[in-house]
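Single-structure report; data block below.
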Amino acid sequence: MKATFASVRRTLALGIATAGVVVGGLLLSGGASVPVAAALVSSMVATRFCAAWTAAEGMKAATISEQRRWTRRLELTLIPMGALSGVAPAFLPQVDGRVPPQWFGLMVCSVAVVAANVLVGHGRSLTFLAIAGPVVIGSALSAGLVGGEFALFFAPGAVLVGGILVVDNRQAGDIFRYAQRLEEQNRSLVDELQGSNSMLKQQVHTDALTGLSNRAGLRLHIASLADTKQTVEVIYIDLDDFKAINDDLGHAVGDAVLATVGERLGRITRGDDCAARLGGDEFAVIASCDGKPLFDLPDRIRQAFAEPIVAGDHVISLGVSIGSHRADPGGDLGLAIRLADAAMYDQKRKRRRRAGSALATPGI
């Protein structure tokens, strides 16, 4: 349909000049009064400008339904345009019962209107018939007003041509409408495919249980920070004694705990931070900052897990081991993650040694 709108605009660019110069000159030289010629030419130019504007707006339409609405409006503007082109010869007065030669020139202009639209391919839609039908009918009426043998020859011929156009247009219109349906189906399939690709991309980079990023999502976020000019803080998190939760309470409870961990990490991180589940009970947070301790992210994470987690009928106090490392602008984030991981395990070992020492100390 956009090709139809574009073709109409190209055709009307020439048609406006034709209506204003050629038709006006033929009417005046053929004896038509100046007011009649001016009114007719002004009307023809106005309808062409209106159709050109409608075609331009139709080209801006984004959806098939909007394009159809503008196509119907375009057809409504083409009907009076075709009628004015067809009846223009009727405004030439006869002198001594003779037809002025300008009459044939105007008829040629009418035929040119139909031919031009055939050449640009409008015969495959009702758009063509909207302008060609009134031209043919108007030309037949003009020939009938002339009278004589010429009218007996021309008027039936014009009607015959109009009938052929209608029959051919019905057949071509079926093809055109079928092509439109195929275009709609194609757009629907493209939209569905884009939606599926977007969903698949999200699934590939998202951990299904916690809703956080997974390892692939974390790698994608790291790649986006390759040229960052900010200091990046990497937090590595490991849940203490999580295996015991799975073994003693069941994996369903363990999954509920992990989901709550994901919800809490998502709540305390900012929109441009990345919280990810790396697998099992290990998590990571990458936060961009300006190098200043505006907030202590590890402390905020500890505070988030100070509150017990409710999983079904169980209330679980969850301990976390946290390691952090700050990477300078342009630094190696992969190395920063490994250093944060090492810091986390170092903290875990120290906590275990303290716990073991406490158990070995005799009570008072």
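The values are calculated or read from the model by the stated rules, or taken from the named source; none is laboratory data. The structure displayed is predicted, hence computed values, not measured ones. Virtual Cβ from ideal backbone geometry, glycine too; neighbours counted across all protein chains shown.
Taking region 103-123 as the region of interest, how many residues are at pLDDT below 75 and either surrounded by fewer than 19 Cβ atoms within 10 Å (Cβ to Cβ) or not in a helix (DSSP H, G or I) (or both)?
Adding up the residues that qualify gives 6.
Residues checked against (1) among the charged types (D, E, K, R); (2) crowded, with 21+ Cβ neighbours inside 10 Å; (3) under 22 Å from Ser7 (Cα atoms):
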position: Gly20; (1), (2), (3): no, no, yes
position: Leu28; (1), (2), (3): no, no, no
position: Ala38; (1), (2), (3): no, no, no
position: Met44; (1), (2), (3): no, yes, yes
position: Ala51; (1), (2), (3): no, yes, yes
position: Glu57; (1), (2), (3): yes, no, yes
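For region 172-222, enumerate the residues that are among the small types (Gly, Ala, Ser), more than 23 Å from the chain's Cα centre (by Cα) and at pLDDT below 80.
Hits for region 172-222 are Ala172, Gly173.
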